[in-house]
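The values are calculated or read from the model by the stated rules, or taken from the named source; none is laboratory data. This structure is a prediction, so every number in the text was calculated from the model and none was measured. Using ideal geometry, Cβ is built from the backbone for each residue, glycine included, and neighbour counts are taken over all protein chains shown.
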Amino acid sequence: MRRTIAIGGAIAATVLLAACGASEPEGGAEPDEQGTAEEQTGSGPELVVWTDAEREEALAEAAAAFEEETGARVTLVQKNFEDLRNDFIVQVPTGEGPDITVGAHDWLGALVEAGVVDTVDLGDTAGDFEEVALEAMTYDGQLYALPYSLETIALVQNVDMVGEEIPATWDEMIARGLDASDRPVAINTAGETGDGYTMYGFQTSFGAPVFEQDDAGSYTSDVGMGGEAGEAFAQWLFDNGAEGTGHLSTTIDYDINNELFDSGEVPFTVQGPWAIPSYENVENIAVGPIPSAGGEPAAPFVGVQGFYLSSQSENALLAQDFLVNHLGTEDAQRTLYEADPRIPALTSLAEEVASDPIVAGFLASSQNGVPMPSIPEMGDVWDLWNAAEVQVMNGADPATTWNDMVAELESAIG
């Protein structure tokens, strides 16, 4: 049974009286200049929803049910996913944008700064979603989207080489890996570019987050990876790099990483679910949380996708009803999962699809994880951070290199 949040009698008034927020011409929906619109049959006020091809059909089912229940019209406009954020920021202030768009959580800082998104109230249903998904869609203590999916990286292992048990620590993983192969693990560093994203679970196990979080879970602009914890992580990079064990190598990019694992040359890797289909020669795979290298739980970045509400929607109450009481239901979330399989943000559905042990492993890793920061300051981080990791793995002094990076980052942030 669908649980419905009472948003008040204003919904009924909206259905009967509101003008269309992004009205279509007589005779049906008109395609957006970069997308295609699907005509709907309702005769009441209109909601315009931007989506990509992967999710359009799934959204159409929820839209049809909503139209039947409310008499509203829902027009789906298909766009390229990579165009959605910029088009939303540009078009919402002009009144030409949608009422709702699908999007990634790391857009949130830019959307809030541009003033183009409104808050979303999930009411009693908020507790039905994975905590990390709600954190990801929260900015300055306010929830700005209905989350629907998660993705993260995890430890992936060749069961035939090292068994099914997931190692709890880096040292345990290395010992088991060396019993099975001369090369125990392959971890993508994007070659000489560096890949702080993949390494982040190990970094957080030293207690060195990229930015500090406040009590509400929102990221602040305070850099958290300096001090003794950051130096300890940098020392670990050095100890396992070119001047140490060599387990971490800047010769490994994404493709080489996957080739080494798929060929059976290494029994362990750290990858996301998107890499699993490329392991055609590994018959038995186990997935689980990233092992701790520094003594604390490894908390990888988690990416969340969801649905944003436009700050300029003329039918905001109606859009809120569609989001929470239709797209937020288990049936709608299941349809979205079937259209584009990602770990569901809705806990009951996540537990259901976790009957697949590989999905269960990625879910467990995400439950240890933290949202990738969506604050604008994150844009200043990647180049400095990645470069410092590569330099240390290649033999640069760990403490000096790391502290110089942190100081330069703090200066860039101001």
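In summary, Y308 fulfils each of the numbered conditions (1) under 15 Å from the mean Cα position of the chain (by Cα); (2) in a loop (DSSP other than H, G, I, E, B) with the single exception of condition (2). Residues in the stretch 171-195 that are surrounded by fewer than 21 Cβ atoms within 10 Å (Cβ to Cβ) and part of a helix (DSSP H, G or I): D171, E172, I174, A175, R176, L178, D179, A180, G191, E192, T193.
For the stretch 323-364, filtering for residues that are within 26 Å of E296 (Cβ to Cβ) and within 13 Å of the chain's Cα centre (by Cα) leaves 4.
Kindly indicate whether D331 is surrounded by fewer than 18 Cβ atoms within 10 Å (Cβ to Cβ), touching a residue at least 60 places away in the same chain (Cβ under 8 Å) and charged (D, E, K, R). Yes: the conditions hold for D331. In this structure, is G246 surrounded by fewer than 17 Cβ atoms within 10 Å (Cβ to Cβ) and not hydrophobic (A, V, I, L, M, F, W, C)? Yes: the conditions hold for G246.
Filtered by the rule that a residue be out of contact with any Ser or Thr (no Cβ under 9 Å at 6 or more places or on another chain) and among the aliphatic types (A, V, I, L, M), the stretch 66-103 gives V74, I89, V90. Within the stretch 369-413, if we keep just the residues that are polar (S, T, N, Q) and not in a loop (DSSP other than H, G, I, E, B), the residue that is surrounded by the fewest Cβ atoms within 10 Å (Cβ to Cβ) turns out to be S411. With respect to the conditions (1) over 30 Å from D99 (Cβ atoms); (2) free of Cβ contacts under 8 Å to residues at least 40 places away in the same chain, W382 lacks only one, and its number is (2).
Residue under question is S313, and the condition is that it be over 23 Å from the mean Cα position of the chain (by Cα) and either surrounded by fewer than 24 Cβ atoms within 10 Å (Cβ to Cβ) or in contact (Cβ under 8 Å) with a residue 60 or more places away in the chain (or both); does it hold?
Criteria met by S313.
You will find that of A104, A60, the residue that is surrounded by 15 or more Cβ atoms within 10 Å (Cβ to Cβ), without any contact (Cβ under 8 Å) to a residue 24 or more places away in the chain, closer than 19 Å to Q320 by Cα and touching a strand residue (DSSP E or B) at 6+ places or on another chain (Cβ under 9 Å) is A60 and no other.
For the condition without any contact (Cβ under 8 Å) to a residue 24 or more places away in the chain, part of a helix (DSSP H, G or I) and either aliphatic (A, V, I, L, M) or not assigned by TED's automatic domain parsing to the domain that holds G295 (or both), G127 qualifies. For R342, the test of being without any contact (Cβ under 8 Å) to a residue 24 or more places away in the chain and either of a type in the set (F, W, Y) or touching a strand residue (DSSP E or B) at 6+ places or on another chain (Cβ under 9 Å) (or both) is failed.
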